[in-house]
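Written out below as structure tokens is the structure these notes cover.
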Amino acid sequence: MASSNVRESHKLVKLSSNPDHYKRALEVALADRIKKLQAYCPEMAKYCMDSMETPPHVFRFLSMGSGNGQVDVTLLGHLLDAYPKIEATIVEPSPSMNEAFKRLVGENPDSVGSVTFCWHQMTVEDFLKIHDGTKFHFIFMSGVISYLKDVEKVLIDSYGMLAEYGTIAIINVAKDSWFYHFLDAERFPGLGLDRVPSSDVIAVFESIPVKKTETQVIEGAMEITPIFDDSSTLGSTILDMLTHTCNFRETAHPTLVADVLRYASESKLITKEGDKICMKNHRDLIFVQ
Ligand SMILES: C[S@@+](CC[C@H](N)C(=O)[O-])C[C@H]1O[C@@H](n2cnc3c(N)ncnc32)[C@H](O)[C@@H]1O
């Protein structure tokens with residue numbers, strides 16, 4: 001493929017460099033993903049409860065890269081069933097994500113009104129520098145691994161922050177998903193977000209070593225039908241998410257846009273139901289204790 005397809009030569013802007021655009025794209029294009037993860041919250045809470053029979057006086061929850069809090073608020077609601085006193089430490093660098101999270105907490109006094117929140121608007125890396133040694137009973141990292149500069153350090157330090165009988169839960173893109181296959185497609189250099197294989201995550205923990213790791217697959221599908229309609233705003237937003245680029249359809253070379261659409265339509269990960277086209281979007285849920 002000609003070098004004109006390379007991100008730099010067209011000044012394409014990465015989605016993560018514009019937090020507001022990124023937040024919108026995530027909420028619009030991956031709304032089903034949030035529902036899937038919320039449906040897994042009882043399972044995550046149970047995993048933690050099964051290993052910690054005696055509830056601590058104060059249950060300490062740490063979420064890193066918490067986003068708009070939709071998953072965390074649901075999870076905390078389930079944890080409250082077993083642990084009536086929860087202190088939640090939230091680490092999230094994006095101001096708009098933090099704002100949305102705080103709003104959501106205010107809107108849900110019945111489910112998380114009794115949780116005490118401590119907000120840190122910063123990256124995980126910065127949080128680790130100021131961390132005061134507090135141990136946490138549940139450490140949650142959902143969708144953040146791909147953004148970390150030094151994954152190994154963050155994972156090892158996270159285990160160091162885990163209380164006895166505590167649980168780390170990591171949600172990571174599985175190999176059976178667009179986001180992985182797209183990166184492997186060498187014809188799109190510079191597009192997409194770097195991914196960390198779950199096997200690498202597990203290998204880090206096994207090198208420490210930890211007591212146990214267990215992986216489950218959260219099956220998911222993402223409807224991509226609108227990307228083939230070039231007048232669809234929703235389609236453009238989904239394309240932004242798929243390519244990890246702001247305004248991809250408008251700013252990329254038309255040949256590149258056409259090539260990405262062709263790639264999507266020919267992907268092995270596609271399923272068709274009538275007029276609806278979906279893309280496999282599985283996640284790994286890794287538990288560490
Ligand atoms: C895919 S979203 C996941 C949000 C949420 N945890 C969820 O599962 O819906 C990734 C989040 O990680 C945040 N993030 C990116 N780099 C980060 C870093 N270095 N440290 C902490 N959070 C980061 C982003 O701002 C974003 O909110």
Self-check item: Members of region 2-41 found to be under 16 Å from the mean Cα position of the chain (by Cα), among the β-branched types (Val, Ile, Thr) and at pLDDT 90 or above, listed by number
Solution: Ile34
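Would you pick out the residues in region 129-147 that are within 15 Å of the ligand (Cβ to nearest atom), at pLDDT 95 or above and surrounded by fewer than 19 Cβ atoms within 10 Å (Cβ to Cβ)?
Selection gives Lys129, Ile130, His131.
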Quiz item: Restricting the first residue to region 268-288 and requiring it to be over 20 Å from Leu37 (Cβ atoms) and of a type outside the set (A, V, I, L, M, F, W, C), which pairs with a second residue that is modelled with pLDDT under 95 and surrounded by fewer than 17 Cβ atoms within 10 Å (Cβ to Cβ) meet a Cβ separation below 7 Å and a spacing of at least six or different chains?
Solution: none
Practice problem: Output the residues belonging to region 157-170 that are without any contact (Cβ under 8 Å) to a residue 40 or more places away in the chain and within 11 Å of the ligand (Cβ to nearest atom). | Solution: none
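One line per residue, one yes/no per condition, for (1) surrounded by 13 or more Cβ atoms within 10 Å (Cβ to Cβ); (2) at pLDDT below 90; (3) touching a strand residue (DSSP E or B) at 6+ places or on another chain (Cβ under 6 Å):
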site: Ile170; (1), (2), (3): yes, no, yes
site: His181; (1), (2), (3): yes, yes, no
site: Ala185; (1), (2), (3): yes, yes, no
site: Asp194; (1), (2), (3): no, yes, no
site: Thr213; (1), (2), (3): yes, no, yes
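Being closer than 29 Å to Met49 by Cβ and hydroxyl-bearing (Ser, Thr, Tyr) is the filter here, so list the residues in region 178-205 that pass it.
Ser198, Ser199
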Self-check item: Wholly within region 1-113, helices (runs of 4 or more DSSP H) carrying at least 3 residues that are over 30 Å from Arg262 (Cβ atoms), within 13 Å of the ligand (Cβ to nearest atom) and not small (Gly, Ala, Ser)
Solution: 70-82, 95-107
Quiz item: If the Cβ limit is 6 Å and pairs must be 6+ apart or interchain, which residue in region 10-37 that is among the β-branched types (Val, Ile, Thr) pairs with which residue that is away from the ligand (no atom under 11 Å from the Cβ) and modelled with pLDDT of 90 or more?
Solution: Val13/Cys246; Val28/Thr237
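So that you can scan it fast, the table gives a plain yes or no per residue for (1) over 26 Å from Lys280 (Cα atoms); (2) crowded, with 16+ Cβ neighbours inside 10 Å:
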{"residue": "Lys23", "(1), (2)": "no, yes"}
{"residue": "Ile34", "(1), (2)": "no, yes"}
{"residue": "Leu37", "(1), (2)": "no, yes"}
{"residue": "Thr54", "(1), (2)": "yes, no"}
{"residue": "His57", "(1), (2)": "yes, no"}
{"residue": "Leu62", "(1), (2)": "yes, yes"}
{"residue": "Ser66", "(1), (2)": "no, yes"}
{"residue": "Gln70", "(1), (2)": "no, yes"}
{"residue": "Gly77", "(1), (2)": "yes, yes"}
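Could you count how many residues in region 137-181 are aromatic (Phe, Trp, Tyr) and not in a strand (DSSP E or B)?
Total meeting the criteria: 5.
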Exercise. Under 6 Å between Cβ atoms, at least 6 apart or on separate chains: pull out the pairs that start in region 224-240 with a residue that is without any contact (Cβ under 8 Å) to a residue 24 or more places away in the chain and assigned to a helix (DSSP H, G or I) and end on any residue that is hydroxyl-bearing (Ser, Thr, Tyr) and surrounded by 14 or more Cβ atoms within 10 Å (Cβ to Cβ).
Key: Pro226/Ser232
Practice problem: May I ask you to list the residues in region 105-156 that are charged (D, E, K, R), free of Cβ contacts under 8 Å to residues at least 60 places away in the same chain and farther than 24 Å from Leu193 by Cα? | Solution: Glu107, Asp110, Lys129, Asp132
Quiz item: Are any of the residues in region 223-243 over 25 Å from Asp20 (Cα atoms) and surrounded by fewer than 17 Cβ atoms within 10 Å (Cβ to Cβ)?
Solution: no
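The values are calculated or read from the model by the stated rules, or taken from the named source; none is laboratory data. Small disclaimer: the values here were computed from a predicted structure and weren't measured. No Cβ is skipped: glycine too gets one built from the backbone with ideal geometry, and neighbour counts run over all protein chains shown.
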